[in-house]
1. Which of rounded, prolate, oblate describes chain B, given a ≥ b ≥ c as roots of the alpha-carbon gyration tensor eigenvalues and a/c under 1.5 marking rounded, otherwise prolate only if a/b is larger than b/c?
2. Once fully extended, how much extra length lies between residue A:173 and residue A:417, figured as 0.36 nm per residue of separation less the alpha-carbon to alpha-carbon distance?
3. Would you mind ranking A:434, A:197, B:71 by Cβ crowding within 10 Å, fewest neighbours first?
4. What is the angle, in °, between the Cα long axis of helix A:282-292 and the longest principal axis of the Cα atoms in chain A? Nearest 10 is fine, range 0 to 90.
5. Place the peptides A:209-222, B:157-170, A:74-87 in order of packing, highest mean first, counting for every residue the other Cβ atoms within 10 Å and averaging per peptide.
6. At a 10 Å Cβ-Cβ cut-off, how would you order A:177, B:224, B:191, fewest neighbours first?
7. In nm, give the distance between the simple-model label positions of residue B:134 and residue B:234, each being 7 Å from the Cα along the Cα-to-Cβ direction.
8. Compute the long axis of helix A:3-31 from its Cα atoms, compare it with the longest principal axis of the Cα atoms of chain A, and write down the angle in degrees, 0 to 90, nearest 10.
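Quick note: the coordinates plus some simple rules give every number you see, no bench work behind them. Small disclaimer: the values here were computed from a predicted structure and weren't measured. Cβ: placed from backbone, ideal geometry, glycine included. Neighbour counts: every protein chain shown.
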């Protein structure tokens, strides 16, 4: 190799080496959680949304007046994948995780593993003021608040006004699943439920068993072998019965076993749409479809929402509760600032902004008095009422096992046998918790 | 009855040369070989042998990622749990079915494509190769989503395009049943990896000496006779290597199942089972045991191909 070429190669290699070193050094600095100016940088791991959390981060950075900045990092789309990524990093004591947007069912697991920094008492008092009970319950583990309630989601019973009228249903009063099945059969319309083998199925089943007065977990414990399930209780059997009745009603369409929130919304938008249990996003989705010219305005005008159906007439329904709560990483170097930031993020103004712009309902009940919210979401009062009645999914560090077992045994919903399925699901989940069986 | 035995063979000198006779040049070449291959070998050991050893070690423990303090040695109990669980055998069955179907179809299709590429006009050959390779260039997850969207009951076009086929209609939920789900999964796998097998077979076809083909033609052999007596025997090594690589690959099927069914309707493969235990349940011990068993099965497949079918990897590479 000629000398000049060799020199050039060497200098190029040096440049590359220096560049690589600079990148490593820069990433190392970034991991320390301080920006160039020395202002602590809080990293907020968010679930994907329409940009609302990034905007709130920017607003709170401005409000902090130089004491800290918040940058966002987006997690995977599915809640289970978000949990998988966060758990793996926290198990390695990742100090770059300051604030996390957490799906409520996974909060006990994070808390039990010591992945969440304790919530200071004064912060706990402030962030639970005016917050709906289901969101507080969803942020609590072992009697203590371990996360900050942010936004709270719930499923409503969506129906076409024209269909309900034609079927003679009085929607000003709570209705039961049996009434809906009869009305749908009478009018030959679809009942939208989520029967896919995924978290959505657990959400549905949990709402059914809670509405029947029972719980998936009858006796909770931090020891997996001491957890007692309530699937074979009277409420558990009744929940299985209702699930089977809906699945075999002939009104759920051909794709119940793969139906998720989006596909049921698609079915509800079709000419056969009649009833559906789903989250409030279906309303802005319908409006967007009208704007895009794929749906008639008259169809969306026909939309109405009420409280989740009852399992037994006269027994108040327990609608699903979801949403996002904020956890502070136990290994963060700025837990005090991170908790300060969560108070800004979950302020009434920011929750109202998030509700109006991103369609994610607030956990703060005072937000529902905001005129902008009421203008954008005519269903806001029903959402608040639903959140006040809602029941969280089982609160356990072993949620994945419990939910996975439910999904395996209760799928497809048409195969559910109230005599057999609760027993087989109990046996499976208990064996999985004892680590004697695969899932 | 008499027996005839051969006279004892005269003693001969060992065929191999004594070490002292290795020339300096051979020594230098051997040293250079180690210098060139050594770093790659070290990296391979680091990225493959180490994780395999770690997985085997972890598989002997009851170890949950979120509860490292309660980690305890349990010996082979994880293996007992797995091997006595019906789910494992179902997953093995599903994986074997996908492997057999996809590899068989890919071999036939891949061979046909290789023949087309081999015989294509010189002018269009590069273009043809590029076109055939497109599916292989697509990321598996992307391909799985594309096939899922195509067959989806709400958004897919397959139901309306193929409504003329008996059994297919607007209400056909391809992912609602085991058979139809596996059909789409296999289809996606075949579409994606047939180009790979066809490329390997094309390399084998190119090795068949043209003079043999011409001689057979002169002797009056038909196309089928030339294929059976000349082409196939001469590319046996390439076929076996293609089969080996694809079988090992197919047995680790994961992406398509993850995207299309997430294991619903008994479509779980062994890799998916390992994912569910390790990543979803965070049971590192149990998941590692599933992974080790998968590794053993894959090694057995490779061993069976190499020893059972006498696959000569060097010959397929054109070394001999």
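1. Details: a/c = 1.98, a/b = 1.17, b/c = 1.69.
Here chain B falls in the oblate category.
2. Separation in residues times 0.36 nm, less the Cα-Cα distance, equals 84.8 nm.
3. Values: A:434 11, A:197 23, B:71 15.
Ranking A:434, A:197, B:71 by Cβ neighbours within 10 Å, fewest first, gives A:434, B:71, A:197.
4. With rounding to tens, the tilt is 80 degrees.
5. On the way: A:209-222: 20.0, B:157-170: 11.6, A:74-87: 17.9.
Packing proxy ranking, top to bottom: A:209-222, A:74-87, B:157-170.
6. On the way: A:177 26, B:224 8, B:191 18.
In increasing order of surrounding Cβ atoms, one gets B:224, B:191, A:177.
7. 3.3 nm
8. 50 degrees
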